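The values are calculated or read from the model by the stated rules, or taken from the named source; none is laboratory data. Because the structure is a prediction, the values reported are computed rather than measured. We place every Cβ from the backbone using ideal geometry, glycine too, and count neighbours over all the protein chains shown. Keep in mind that these areas ignore ligands, DNA and RNA; they rest on the heavy atoms of the full protein, side chains included. Shrake-Rupley method; radii C 1.70, N 1.55, O 1.52, S 1.80 Å.
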Amino acid sequence: WELDETSGTSAVDSAGGNTGALQAAASWTTSGKVNGALTFNGTSQFVQANLSLGAGAITVSGWIYPTGNGPGGAATFFQEYNVGFNTRFICLRSHIAADFMYCGDNGSTTTSTNSVIPLNQWTHFAAVRTSGGLFTLYLNGVQDGAANQNGGATSSDGTGINIGNGAD
């Protein structure tokens, strides 16, 4: 999702097939890092799409411009969810760091950045999971955190993803 449509109630999947629906009137802006962007209110607005990330290697990346903290001091900006316990998400914690977390039936793995993600400026974020279970985080193209998965097998039964806050 490039999230640069600037209008409408859908976020088009540029790879095809998984267009997301804007929830709770998330709003478009023309002042994104590259073309347009979405803005979220920090409590209930997000994009929802029916997509499972699967159990193999994956990279989730994007430009973020945090202006504050979400409820409880953390703002979730990407989450895969399902009806069971297994979930994966990326969140900002009190503008201190970013986390990539996998919670599974047999435990969890959290990888945090070593650097602070600043408020009120653009930061490029990438979270990479290898098929072997290594989680690596990058900020502005530089590796900034890594950990091996220790929470059991990665689930492939996700029922959808949320982009933006309100993902809990």
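Numerical summary
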read-out	value
Zone residues, the range 109-136, relative to Asn148, backbone N less than 13 Å from point 7 Å out along Cα-to-Cβ	132-135
For Glu2, solvent-accessible area (1.4 Å; no DNA, RNA or ligand), Å²	120 Å²
Accessible area, probe 1.4 Å, largest first, for residues Trp28, Trp122	Trp122, Trp28
Area of Ser112 that stays accessible when all protein chains are in place (1.4 Å probe, Å², to 10)	40 Å²
Solvent-accessible surface (1.4 angstrom probe) belonging to Asp99, in square angstrom, nearest 10	10 Å²
